[in-house]
C-alpha cells in the first residue's frame, strides 16, 4: 500500500481519496478549509461536499502542505483549473522527484490556454522532470462513492506510470483503463464542460431529446477538431475521456455545468446562478480559455463560440440557439 496525497477536498478530490483509502492506502487530503479538516478528522464526513459519504479512518485531512505531502508516493491534483498554478507554485518546494503527479483537474488556463500537464511542466519542471498522469472520464463523484460501476482513463507519456495509477486506484467499482494520449484526455475532459453548458441551455429552452442528441454529436465534432489540431489521437475522442465523458456531462442530472446552462436557458442570470452554487462549474471559465485557444489555432467551434457569447457577452440563450440553426448548410464530414 502507498502513501497518497490528494490536493483539493471538493467532491471529486474527496471521492478519489475515499476510494484510495478503501483500497487500503494511507491518504492525506489537503484543503484550505479548517472547517472541512475538522469535519473529516472528527466526524469522518466532509460536511461541505459529499456529506452522505462515510470517510475511512485511513484518510486524514490537513491544511498544511508539508503534512499532506510528507513521504507521499502519489500526489493527486483535484484543484479547480483557475487556481492550480498558484497552488503548484506553493507546494513545489515540498515535492520530490520520485512522486507521481496525477491530475484529476478538468480545465484550461484562461491566460495561457495551457492544459494542466503544461502548467505542471512550467511550475514543477523548474525543480525536476514531473512524472505526470492525467485521469479523466465519465465519473460523477457521488456515484463513485456510492459504488456505482465507473470506468475512467489514466493517460501518460510513460505507460508504466499509467499502469501504476491503474493498479493503485482501481478498486471495487472504479475501473481504470490506460492510454498514452495526454493531450486528447485533457482536452476531452475540459471542453466537454463547455458543451454541457450548451446542452443545459438547450434543455432550459424547452427543447427535447432530438436537440440534445444533435448538440452532443456536433459538440464531439468540435472537440475532436481541436484535439486533433493539438496532436491528440482520434481513438481517444471515441473513448471514455471523449465521448463517454461528454455524454455523461451533457445528460446527467448531477452535472454542474449542465445545471448552469439549464438555468441560463430558463432566463436566469449567470451571476445569480453561480451565487447559489457551492462548487465550481469548470465550463464557465473554460469557455473563455477555449475561445482564446480556438481563435489562436484557427479551429472552428460554433457551439463553443455561442456558449462564450451567452456567458461573457450577455447574449440571450434563445438567440444563440437560433444562430446555430441558421448557419450555412454543409456536409457532415
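Would you call residue 217 under 21 Å from the mean Cα position of the chain (by Cα) and in contact (Cβ under 8 Å) with a residue 12 or more places away in the chain? Talk me through it step by step, then tell me what you get.
On the way: under 21 Å from the mean Cα position of the chain (by Cα): yes; in contact (Cβ under 8 Å) with a residue 12 or more places away in the chain: no.
Judged against the criteria, residue 217 is not a match.
State whether the residues of the stretch 247-263 include one that is more than 18 Å from the chain's Cα centre (by Cα), at negative phi and in contact (Cβ under 8 Å) with a residue 12 or more places away in the chain. It would help to see each step written out before you state the result.
Within the stretch 247-263, the subset more than 18 Å from the chain's Cα centre (by Cα) is 262-263.
Filter once more, so that each one left must be at negative phi: 262-263.
This time we only want the ones that are in contact (Cβ under 8 Å) with a residue 12 or more places away in the chain, so: 262-263.
Among the residues of the stretch 247-263, at least one is more than 18 Å from the chain's Cα centre (by Cα), at negative phi and in contact (Cβ under 8 Å) with a residue 12 or more places away in the chain, which makes the answer yes.
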For this session: Return a yes/no flag: does the stretch 108-116 have any residue that is over 26 Å from residue 282 (Cα atoms), surrounded by fewer than 20 Cβ atoms within 10 Å (Cβ to Cβ) and touching a residue at least 24 places away in the same chain (Cβ under 8 Å).
Result: no
Problem set entry | Selection within the stretch 131-153 - closer than 23 Å to residue 85 by Cα and surrounded by fewer than 22 Cβ atoms within 10 Å (Cβ to Cβ) | 131
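Has the stretch 198-209 got any residue that is closer than 30 Å to residue 45 by Cβ and either outside any helix (DSSP H, G or I) or in contact (Cβ under 8 Å) with a residue 40 or more places away in the chain (or both)?
Keep residues of the stretch 198-209 that are closer than 30 Å to residue 45 by Cβ, which gives 200.
Pick out the ones that are also either outside any helix (DSSP H, G or I) or in contact (Cβ under 8 Å) with a residue 40 or more places away in the chain (or both) and you get 200.
There is at least one residue in the stretch 198-209 that is closer than 30 Å to residue 45 by Cβ and either outside any helix (DSSP H, G or I) or in contact (Cβ under 8 Å) with a residue 40 or more places away in the chain (or both).
Quick check on residue 198: is it surrounded by 18 or more Cβ atoms within 10 Å (Cβ to Cβ) and not assigned by TED's automatic domain parsing to the domain that holds residue 20? Let's see the steps before the verdict.
Values: surrounded by 18 or more Cβ atoms within 10 Å (Cβ to Cβ): yes; not assigned by TED's automatic domain parsing to the domain that holds residue 20: yes.
Spelling it out, residue 198 is indeed surrounded by 18 or more Cβ atoms within 10 Å (Cβ to Cβ) and not assigned by TED's automatic domain parsing to the domain that holds residue 20.
Quick one: which strands (runs of 3 or more DSSP E) sit completely within the stretch 84-179 and have at least 3 residues that are farther than 17 Å from residue 248 by Cβ? Spell out how you get there, then give the answer.
Numbers: elements: 100-103, 131-136, 150-155, 174-179.
Answer list for the stretch 84-179: 100-103, 131-136.
The values are calculated or read from the model by the stated rules, or taken from the named source; none is laboratory data. None of the values given here were measured: they were computed from a predicted structure. Counting neighbours? That spans all protein chains shown, and the Cβs are built from the backbone with ideal geometry, glycine included.
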